[in-house]
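Read through the structure below, which is laid out as structure tokens, and then see the notes.
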Amino acid sequence: MAAGDKQAAHRPGSFKQPNKPHKTGRHRGRGAQDRENKGRVPAKALGKKLRKDLSKLDRRHKANQLRRQRKEAVLTEKRNLGSKDGPPHLVVVVPLHAGTLTSSLVTLVQSNEGDVVYEDNQRGGIFSLVCPKLKQRWCFIQANRDDLHSVLDLAKVADTLLFVLDSQDGWDSYGDYCLSCLFAQGLPSYVLAVQGMNELPIKKRTDVKKQLSKITEKRFPDSKLFQVDTEQEAAVLLRQMAIQKQRHLAFRSRRSYMVAQRADFLPTDESGLIGTLKVSGYVRGRELNVNRLLHIVGYGDFQMTQIDAPPDPYPLNPKVHKTKTKKGQDVEMEDNADANLAEMEEDLKILMKVDPMAQDSLQSEVVPDPMEGEQTWPTEEELKEAEDCLRGKVKVVRKVPKGTSTYQAAWILDDEESSGEEGSDDDDDMEEEQDDAMDEAVSEDDEGSGNDEPEESETVTIPDSTRDDKYDENINEVEEEQMLEKYKLQRENELFPDEVDTPRDQPARVRFQKYRGLKSFRTSPWDAKENLPSDYARIFQFHDFFRTRKRVFRDLDDEGAMVGWYVTVHINNVPVSAMEHFKQGGHLVLCSLLPHEQKMSVVNMLVRRHPGNSEPIEAKEELIFHCGFRRFRASPLFSQHTSADKHKSERFLPSGVAVVVTVYAPITFPPASILIFKQRDNGMHDLVATGSLLNVDPDRIIIKRIVLSGHPFKILKKTAVVRYMFFNREDVLWYKPVEMRTKWGRRGHIKEPLGTHGHMKCHFDGQLKSQDTVLMNLYKRVYPKWTFDPYVSPPVTWVKNEHTIDPAEVEMD
């Protein structure tokens, strides 16, 4: 090749396409991989023997089979609901407006030709409807909108909620409040109906329908509004409820539940206050086992003795009347139904009796043994220590305040140690600064003691247009003062979070003896079993809660009364108030408990504050909880929802963020919905927060923080003289190991005390500003209060100006 050819070789230009280099990375050993994984284990891969390699055609067939099975399961569930093999379709009629009358809608539903109506003569608002033409059975219950607990309890067991709207306004403020509670609890299948459209002029009907559609789109975006003014429209409504898809509620799908159709009470003691309650109804959800415990909503947990199997009172094909009934024959059917019930009581069959060896216990608390953990005979080490005591060879024991742990006892300094730690540099200068600081402190204290100015107060003037002579009569002055104090505390906590004043009448080391300092709130260790309260001896705890939950769900009972059977349950030791509530028109809702769900423990709930409530809710304030099927009172703690092992407590229920609520309550396996109410002095219940059940964990460490504040008095390069954090020399020495910080981000520690009035020399990582504030964080673990009460009285409806209103209207006033 010539020399000229070598010079003419191709050279890449500036626009050459750069290829991505291969990133090999550094080789990691097994130890480096383990440290990076931090204990995480990858998914287990199946071996060649266990893995079945399917062909494309086989995979397609398998997918078709799974799809067909899911479709058949949905169709089977839909066909069984309301059929002869399943329980009647339970429909709860909920009026959302005070001016809505559901009696006319019920009359239209009952007037379909060929249907058989069974009305409950003992209690109004309940009737059963048998439709041989549709091969469906229905049970309609008219809910009392003024009793919020009754509406929520019926919604827990309803198959369909029939919301009745007003033709003009849709729903009122109280109806919107009920919808908020129902959505937070979990909404089953629902249908919207409206009446009175035919009474409007023809020209206005279109505008009214458009207006109602706009109102319902906010709450029910994909729902259809049914007009029910004729018998044909009522038949269309029934068909829609029969064919629509059923929505499942997670907390009831794994439990057996039923609504009492009939009840009877047999006293077992002389007073007649406690007895055996016989409840008849249809089994729903899962199979009902007689050995399991039964929870009556609002009354507690009870044991069953036996389950009877009486004949079905509402058969799909009545034997008495084979011909089609007409509108005027409803009364005859009622009389025949009562006669059939008398015959059914004679033909009772015992389905199953309780097995005392397999029956769940009602024990809800652990009986603590005061001698547990005590030693009956001293060990060799204790004997040797006793001999040393007699010989005078015992180590010197320091005197500490009551309740001091070994961690805090390590902070105590002897006089020799404190004197030895004082630095020898700049002693003369520091003595002069100390004298000057003391003189200025005394002078300022004298000046400040006589010129204390009261806090600024803000007055609000009410306009003349809103004044009313009768308005002041409804105001409770004591409640107003208490609420004002709560607002002040909440505002102070927002401006100065966790800051407290150091007492001057007692030493700080005594006042805050249960608190400790932490190097880091996130990484510093804290033993979850240290210094537990006596209430922890009464509760139960799981070694692994979620593993137990998985095992309980896997081993659900398949023996007992099948779903759809009409049974009579004998319940022991039930108070007579449950029967009185049933006779007065109330509804009894029963639910079977899973294993361990009767035991007390520490329950954690993840909630958010309801936007319609803005009143300050303080920690350990008594609230009302709806947890799944349960309803109880408790005094909760609020803490931050984080993934750390320690969680900072909140003094007030915050808004806009998720917070964990901790209470002593019976164990409940999630998922379960949570509703929290606050009861007013007038008996009303305000919805405070909504959420879901998080877990059951007594080892959740909730830490309360307090912040002691001090002010820089003399500022040098990296040192400063701080005062007003403590008021005696001993407190300064006691808290000397605790690290301090400032509001502007400086960190430091106490170097030595100055004088006897609490002044101290502190060293920081930089020079302080004169307007900065020195802070010291102290921590202690807090526990909820044991105020669990399973009996909650129903809320009282407040009537003002002859119109029923809800808490939202009260806030507007």
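The values are calculated or read from the model by the stated rules, or taken from the named source; none is laboratory data. For clarity, every value in this text was computed on a predicted model and none was experimentally measured. Ideal geometry is used to build each Cβ from the backbone, glycine not excepted, and the neighbour counts take in all protein chains shown. In case anyone asks, the SASA skips ligands and DNA or RNA and just uses the protein heavy atoms, side chains included. Shrake-Rupley method; radii C 1.70, N 1.55, O 1.52, S 1.80 Å.
Could you tell me how many of the residues in region 194-249 are among the aliphatic types (A, V, I, L, M), under 38 Å from the mean Cα position of the chain (by Cα) and under 30 Å from Leu134 (Cα atoms)?
Narrowing region 194-249 to residues among the aliphatic types (A, V, I, L, M): 194, 197, 200, 202, 208, 212, 215, 225, 228, 234-238, 241-243, 249.
Subsequent filtering for residues that are under 38 Å from the mean Cα position of the chain (by Cα) retains 194, 212, 215, 225, 237-238, 241-243, 249.
Now drop any that are not under 30 Å from Leu134 (Cα atoms), which leaves 194, 225, 237-238, 241-243, 249.
Adding up the residues that qualify gives 8.
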**OP:** Would you kindly identify the strands (runs of 3 or more DSSP E) lying entirely within region 583-694 that contain at least 2 residues that are closer than 26 Å to Leu532 by Cα?
**Re:** 600-609, 623-627, 630-635, 637-640, 646-650, 658-666
**OP:** Could you check region 187-261 for strands (runs of 3 or more DSSP E) lying wholly inside it with 2 or more residues that are without any contact (Cβ under 8 Å) to a residue 40 or more places away in the chain?
**Re:** 189-194, 225-227
Original post:
Any chance region 763-783 includes a residue that's under 38 Å from the mean Cα position of the chain (by Cα) and open to solvent by 60 Å² or more (accessible area, probe 1.4 Å)?
Top reply: no
Original post:
Which residues, counting only those in region 216-228, are modelled with pLDDT under 85 and surrounded by 14 or more Cβ atoms within 10 Å (Cβ to Cβ)?
Top reply: Ser223
**OP:** Kindly indicate whether any position in region 602-613 is touching a strand residue (DSSP E or B) at 6+ places or on another chain (Cβ under 6 Å), open to solvent by 10 Å² or more (accessible area, probe 1.4 Å) and at pLDDT below 90.
**Re:** yes
Original post:
So which of Leu588, Leu623, Leu606 is farther than 19 Å from Val659 by Cα and aliphatic (A, V, I, L, M)?
Top reply: Leu588
Original post:
Here are Val157, Val236, Val194, Val259: which of them is in contact with a strand residue (DSSP E or B) (Cβ under 9 Å, 6 or more places away or on another chain), surrounded by 16 or more Cβ atoms within 10 Å (Cβ to Cβ), modelled with pLDDT under 90 and hydrophobic (A, V, I, L, M, F, W, C)?
Top reply: Val194
**OP:** May I ask you to list the residues in region 348-398 that are modelled with pLDDT under 75 and under 30 Å from Ala561 (Cβ atoms)?
**Re:** Leu348
Subject >> Filter result (surrounded by fewer than 16 Cβ atoms within 10 Å (Cβ to Cβ) and in a strand (DSSP E or B)) within region 262-272 >> reply: Asp264, Leu266, Pro267
**OP:** Go through region 703-740 residue by residue and tally those that are polar (S, T, N, Q), under 13 Å from Thr756 (Cα atoms) and either in a strand (DSSP E or B) or free of Cβ contacts under 8 Å to residues at least 24 places away in the same chain (or both).
**Re:** 0
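Of all residues being surrounded by 15 or more Cβ atoms within 10 Å (Cβ to Cβ) and modelled with pLDDT of 70 or more in region 474-498, which is farthest from Ile703 (Cα to Cα)? Just the residue, please.
Initial filter on region 474-498 (surrounded by 15 or more Cβ atoms within 10 Å (Cβ to Cβ)): 486, 490, 493, 498.
With the extra rule that they be modelled with pLDDT of 70 or more, the set shrinks to 490, 498.
Working: Gln490: 19, Asp498: 12 Å.
The extreme case among them is Gln490.
Residues checked against (1) open to solvent by 40 Å² or more (accessible area, probe 1.4 Å); (2) touching a helix residue (DSSP H, G or I) at 6+ places or on another chain (Cβ under 9 Å); (3) more than 30 Å from Arg137 (Cβ to Cβ):
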| site | (1), (2), (3) |
| --- | --- |
| Lys519 | yes, no, yes |
| Arg522 | yes, no, yes |
| Trp526 | no, no, yes |
| Leu532 | yes, no, yes |
| Arg538 | yes, no, yes |
| Phe545 | no, no, yes |
| Lys550 | yes, no, yes |
| Leu556 | no, no, no |
| Val563 | yes, yes, no |
Original post:
Can we say Pro315 is at pLDDT below 85 and not charged (D, E, K, R)?
Top reply: yes
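Any residue at all in region 732-747 that's among the β-branched types (Val, Ile, Thr) and touching a Cys at 6+ places or on another chain (Cβ under 7 Å)?
Checked region 732-747: no residue is among the β-branched types (Val, Ile, Thr) and touching a Cys at 6+ places or on another chain (Cβ under 7 Å).
Among the residues of region 131-143, is there at least one that is in a helix (DSSP H, G or I) and over 29 Å from the mean Cα position of the chain (by Cα)?
no
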Original post:
Does Leu57 satisfy the criteria of being loosely packed, with under 10 Cβ neighbours inside 10 Å, at pLDDT 80 or above and in a helix (DSSP H, G or I)?
Top reply: yes
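Select from region 273-283 the residues that are open to solvent by less than 10 Å² (accessible area, probe 1.4 Å) and not aliphatic (A, V, I, L, M) and write down the one among them that is farthest from Ala260 (Cα to Cα).
Of all residues in region 273-283, those open to solvent by less than 10 Å² (accessible area, probe 1.4 Å) come to 275, 277, 279, 281-283.
Still in the running and not aliphatic (A, V, I, L, M): 275, 281-282.
Details: Gly275: 17, Gly281: 5, Tyr282: 8 Å.
My answer is Gly275.
Out of the residues in region 514-558 that are aliphatic (A, V, I, L, M) and part of a loop (DSSP other than H, G, I, E, B), which is farthest from Leu775 (Cα to Cα)?
Of region 514-558, the ones aliphatic (A, V, I, L, M) are 518, 528, 532, 537, 539, 552, 556.
Next, from what is left, pick out any that are part of a loop (DSSP other than H, G, I, E, B): 518, 528, 532, 539, 556.
On the way: Leu518: 13, Ala528: 27, Leu532: 29, Ile539: 38, Leu556: 55 Å.
The selected residue is Leu556.
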**OP:** Hey, could you check region 122-143 for residues that are in contact (Cβ under 8 Å) with a residue 60 or more places away in the chain and within 23 Å of Asp172 (Cα to Cα) and say which is surrounded by the fewest Cβ atoms within 10 Å (Cβ to Cβ)?
**Re:** Gly125
